[in-house]
Amino acid sequence: LYVFKNNGYNSFPAFSPNSKLVVMGLNDTLAQICEVETGQRIGILNGHTGPISKAIFSPGCDQIITYSSRDCCVWETATGKKLFSLFSKNQVNTFRSAGFSPDGKRVLILKNNNHLELYDAITGSLLLPFASKIPYISSASFAADGNSKLPVVASYSSNWLLFFRMRTLLPSGE
């Protein structure tokens with residue numbers, strides 16, 4: 001058993017898919033990567049402009065997404081190097097959720113203005129923007145196999161699920 005103590009602030013612990021690493025908050029704008037077996041810190045993720053809300057490992061454990069309401073960063077796990085950052089332009093355009101595609105090559109971002117955006121996970125290039133006409137999308141993620149004809153699912157309200165085609169991000173049936 002290891003106890004991680006960071007001046008009273010630990011937040012959003014997230015395990016890597018292979019359960020060998022954990023990433024957690026140190027303070028509002030820093031996160032640390034630790035080995036689960038030894039508790040040893042192997043990296044610090046430094047460079048957010050706002051309090052970090054969540055962290056997510058890529059399926060291959062080689063990258064980490066961290067996001068706050070103000071910015072979203074993609075990091076190289078082994079070095080802690082920031083690969084790219086995305087910034088919100090205003091209070092309406094803040095980040096609600098983020099995640100990797102099953103192959104780890106793409107990043108899906110959901111913003112508070114109901115924009116879904118697809119980015120290249122290495123370069124940070126915007127691959128596909130989508131502005132929803134639906135009033136509130138609460139979360140979005142990829143299908144686990146990544147090969148589904150409708151690989152992106154978004155939750156709308158508490159009783160609706162929307163499925164999107166990857167190439168167009170058009171809702172199914174349109």
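The values are calculated or read from the model by the stated rules, or taken from the named source; none is laboratory data. Worth saying up front: this structure is predicted, and the values here are computed from it rather than measured. Heads up, the Cβs are rebuilt from the backbone with ideal geometry, glycines too, and the neighbour counts pull from every protein chain shown. Quick note on the areas: whole protein, heavy atoms, side chains included, nothing else; ligands and nucleic acids left out. Shrake-Rupley method; radii C 1.70, N 1.55, O 1.52, S 1.80 Å.
Points to keep in mind about this one:
- FRET efficiency, Lys20 to Lys105 (Cβ-Cβ, R0 25 Å, nearest 0.05): 0.70
- Working from label points 7 Å from Cα in the Cα-to-Cβ sense, the Asp28 to Asp120 distance is 3.5 nm.
- Contour minus Cα-Cα distance for Asn46 and Phe84 (0.36 nm per residue): 12.4 nm
- Accessible surface of region 15-65 [probe 1.4 Å, protein heavy atoms]: carbon and sulfur percent: 49
- Label-point gap, in nm, between Ser138 and Asp62 - each point 7 angstrom along Cα→Cβ: 3.5
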